[in-house]
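Every number in this text was worked out from the coordinates using simple rules, so none of it is lab data. Computed from a predicted model, the values in this text were never measured in an experiment.
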Amino acid sequence: MIKRIVKMEFKEDKINAFISLIERNRNKIANSNGCISLEILQDINNKNVFFTYSCWVKEDDLNEYRNSNLFNEVWAETKTYFNNKPLAWSVSII
């Protein structure tokens with residue numbers, strides 16, 4: 001199993017746009033082949049910092065999603081909201 005963590009920092013005036021984008025696409029992303037779960041998390045002390053935390057059956061499933069039209073569309077819009085460069089990690093449980 002692969003866990004994917006992405007930290008994103010948004011311009012303050014783009015937070016609601018990001019939330020709306022995620023609400024429109026959350027089920028589509030969660031229903032991607034091999035996606036076990038998807039959570040969107042917001043830092044409790046810094047409201048413009050968000051994390052996506054997703055679990056995938058295998059890395060190939062994650063990569064298939066990352067190469068999909070859905071990802072490309074969502075990511076293209078998401079990038080326009082950034083206040084800082086995103087950070088991402090693919091990890092496994094020990």
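Tabulated data for the structure shown
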quantity	calculated
Length-normalised contact order of the chain in % [C-alpha pairs under 8 Å, at least 6 apart]	49 percent
Pairwise Lys count, the chain - Cα closer than 23 Å, eight or more residues apart or different chains	20
